[in-house]
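Taking it in order: structure first as structure tokens, then the write-up.
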Amino acid sequence: MGRGLILLLCLTVAAYSGLWGAGFVWDDIPLIVENTALAEASLVSLFTSDLWAHTGAGDVASGYYRPLVLLSFALDRAAFGLDPAGYHLHSLLWHLFAVAGLAYLLTDLLGRGPALLGAALFALHPAQSEVVVWIAARNDLMAAAFGFAAMSVMWKKLQPSWGRSFIAILLVTFAALSKETAFVLPVMFGAAELVRGRRDGLWVRLMPFIVGVGLVVALRTVLGLGAAVVPSANGWLLLAQSALDLIGLSGAAVVTPWPLSSARDLSWIERAPAWRVQVGLLFVAVSVLSLRLREQRGMVALGLIWAGLLMAVTWIPIADKGGFGDRFLYWPMAGFSILLAATAGQYWRVFVPLIALPAVFIIQARLPDWQDDEALWRAAVRDVPTPTNAVSLGHTMMVSGRYLRAHVSFVGSIAGPTIDVDGCAGVVGSAMRAGLAGHALKMGLWAEARGCPPQGGVHGWMATAAAIEEDWDLAADWANRLPADPRLRDVVVQAALARRSGDQAAYEDILGAWVDSAPLEAQVDALIGRREDTADAVKKSP
């Protein structure tokens, strides 16, 4: 398979030839660009901290302990600075290592031709592109590369040497320090050994996987870091209610890999096209029925076990966060690769080009979506038009100063039959940023009528808008609503009301309790002074 694998790896590189135009997007910004631990490149901080501890996201306890991924980012930072091209090249190399490792395993399981078919599916399936292109998702690439390498070391020897066992322990440890998915490596390897009929000495061969995972679990416990995130009861309930649709969409992503999307959500899963869900469920049913094939029943069973196990692992973060995307298929695709190689491997010469050629074009078409945050969220709204994606696009537009375009997105997030309450403050705030105080007042009342719950951000913006429009009674109403505005805009309006009414004592009390770095008096002067100055102040306010 040597030449075939080399050709496959070269084709994979060609498929991602547009990768160099991709930038830092989404979680890349806090995790890499704004991560103080990477700038300092302290090994102690990298290996003793939660994944998100030193990021631009603030004090976050994510439950993820992935120091090797942070170390890889630190090396990139030292070598490439903040040029994303080098980071993308590094991620692509890990994908190539993972492809080569899986190809080795499949060759021993099914022979060279079928192995090339399975490896081609794993290497070039368009759903894999999210993990390859999104730098923050490198954890999957590294864990898979280390995990497949660990299995390769123990794959053929019934009585492995101490040296092989030690190398396997290191590789499993590295995989588990890259991503928690590697904790299932003992089950994956054990299932493969049982299917292959290699029961004698199984526990001896399993021991490096158990020890490697155990070392990382012990390290996490000692450091008091990376405790498992337990989804809420509501999260599990939503997952249970959406399980059939989730299975269908996951299956559909394997057999109909377009449109691709990073941002799907259980809350809006019922909006998915019914035909996609049905196609996915049909694919799952056919896959299970392929167990009736006597000749390759064992390999089909192994593929189903790997795919099912690795998909089940992703359900924990899905239940916790509610969101899911193409990246959740990266590891399960190894199981689907075994399934395809086992059922269609004898026709590998036909299927390899049928998979590879369309995949290259689809990947090339997908890569521009990763140019920047705006391109990514425009694509998400285009392919999965949910209120949550509209909110995300709105926030991206706000960051870039495109307030009117952001306003359109926020309005879209609460205009449908069901709303995303995260868009409620944005509807008012984007209009205010654009200098449209009167329109902001109207939109705030409309948002309230649409079902937006009481929110401090909305109250602060509405109070400010009413003050700018010189409707001070309405300003007082909104400024005194609860919950309070965390950005203290309501307090500014309260101070302006006190000063206008001549209540100096109340004004002094507010001034004395003021804790924000922006001077209160200047904001009050702007609010009760000329409207043009006020509009400028609103645009510049945090």
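The values are calculated or read from the model by the stated rules, or taken from the named source; none is laboratory data. Please read these numbers as outputs of a predicted model, since none were measured by experiment. Cβ: placed from backbone, ideal geometry, glycine included. Neighbour counts: every protein chain shown.
Looking at region 365-378, is at least one residue over 30 Å from Tyr16 (Cβ atoms), outside any helix (DSSP H, G or I) and acidic (Asp, Glu)? Scanning region 365-378, I find no residue that is over 30 Å from Tyr16 (Cβ atoms), outside any helix (DSSP H, G or I) and acidic (Asp, Glu), so the answer is no. What residue, of Gly322, Gly303, Gly345, is modelled with pLDDT of 90 or more and either assigned by TED's automatic domain parsing to the domain that holds Ala263 or surrounded by 16 or more Cβ atoms within 10 Å (Cβ to Cβ) (or both)? The match here is Gly303. Between Ala467, Ala484, the distinction of being part of a helix (DSSP H, G or I), touching a residue at least 12 places away in the same chain (Cβ under 8 Å) and among the hydrophobic types (A, V, I, L, M, F, W, C) belongs to Ala467 only. Within the set His54, His90, the sole residue that is in a loop (DSSP other than H, G, I, E, B), in contact with an Asp or Glu (Cβ under 9 Å, 6 or more places away or on another chain) and not hydrophobic (A, V, I, L, M, F, W, C) turns out to be His54.
Is one or more of the residues making up region 223-237 modelled with pLDDT of 95 or more, in a helix (DSSP H, G or I) and surrounded by fewer than 21 Cβ atoms within 10 Å (Cβ to Cβ)? Among the residues of region 223-237, not one is modelled with pLDDT of 95 or more, in a helix (DSSP H, G or I) and surrounded by fewer than 21 Cβ atoms within 10 Å (Cβ to Cβ), which makes the answer no. In the set Gly118, Gly147, Gly163, which member is of a type outside the set (Val, Ile, Thr), assigned to a helix (DSSP H, G or I) and free of Cβ contacts under 8 Å to residues at least 40 places away in the same chain? Step by step, each of Gly118, Gly147, Gly163 is checked, and only Gly163 is of a type outside the set (Val, Ile, Thr), assigned to a helix (DSSP H, G or I) and free of Cβ contacts under 8 Å to residues at least 40 places away in the same chain. Would you say Ala380 is under 20 Å from Pro84 (Cβ atoms) and within 18 Å of the chain's Cα centre (by Cα)? So Ala380 fits the description; yes. Might you check whether a residue that is under 28 Å from Ser232 (Cα atoms), in the same structural domain as Leu260 (by TED's automatic domain parsing) and in a helix (DSSP H, G or I) occurs anywhere in region 380-397? So far as region 380-397 goes, no, none of its residues is under 28 Å from Ser232 (Cα atoms), in the same structural domain as Leu260 (by TED's automatic domain parsing) and in a helix (DSSP H, G or I). Inclusion of Ala149 among residues that are assigned by TED's automatic domain parsing to the domain that holds Leu8 and surrounded by fewer than 24 Cβ atoms within 10 Å (Cβ to Cβ) is warranted. Against the criterion of being at positive phi and either within 40 Å of the chain's Cα centre (by Cα) or outside any helix (DSSP H, G or I) (or both), Glu448 does not qualify.
Given the condition without any contact (Cβ under 8 Å) to a residue 12 or more places away in the chain and either part of a helix (DSSP H, G or I) or surrounded by fewer than 20 Cβ atoms within 10 Å (Cβ to Cβ) (or both), answer yes or no: does some residue in region 254-274 qualify? Among the residues of region 254-274, at least one is without any contact (Cβ under 8 Å) to a residue 12 or more places away in the chain and either part of a helix (DSSP H, G or I) or surrounded by fewer than 20 Cβ atoms within 10 Å (Cβ to Cβ) (or both), which makes the answer yes. Between Ala85, Ala39, the distinction of being within 30 Å of Gly4 (Cβ to Cβ) and either surrounded by fewer than 20 Cβ atoms within 10 Å (Cβ to Cβ) or of a type in the set (Phe, Trp, Tyr) (or both) belongs to Ala85 only. Please work out which residue is modelled with the highest pLDDT, limiting yourself to region 169-200 and to residues that are part of a loop (DSSP other than H, G, I, E, B) and over 12 Å from Ala145 (Cα atoms). Only one residue fits best here, namely Leu177. Kindly evaluate Ala137 against the criterion of being of a type in the set (Gly, Ala, Ser), in a helix (DSSP H, G or I) and within 22 Å of Leu5 (Cβ to Cβ). No: the conditions fail for Ala137. Counting only residues that are modelled with pLDDT under 55, outside any loop (DSSP other than H, G, I, E, B) and not acidic (Asp, Glu), which one in region 498-542 is farthest from Asp477 (Cα to Cα)? Result: Lys540. For region 12-36, residues that are more than 14 Å from Tyr87 (Cα to Cα), surrounded by 18 or more Cβ atoms within 10 Å (Cβ to Cβ) and in contact (Cβ under 8 Å) with a residue 60 or more places away in the chain total 3.
The rows are residues; the columns are (1) surrounded by fewer than 17 Cβ atoms within 10 Å (Cβ to Cβ); (2) under 20 Å from Asp265 (Cβ atoms).
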position	(1), (2)
Val391	no, yes
Thr396	no, yes
Val399	yes, no
Gly412	no, yes
Met432	no, no
His439	yes, no
Thr464	no, no
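Exactly one residue out of Ala243, Ala252 is in contact with a Lys or Arg (Cβ under 7 Å, 6 or more places away or on another chain) and at pLDDT 90 or above, and it is Ala252.
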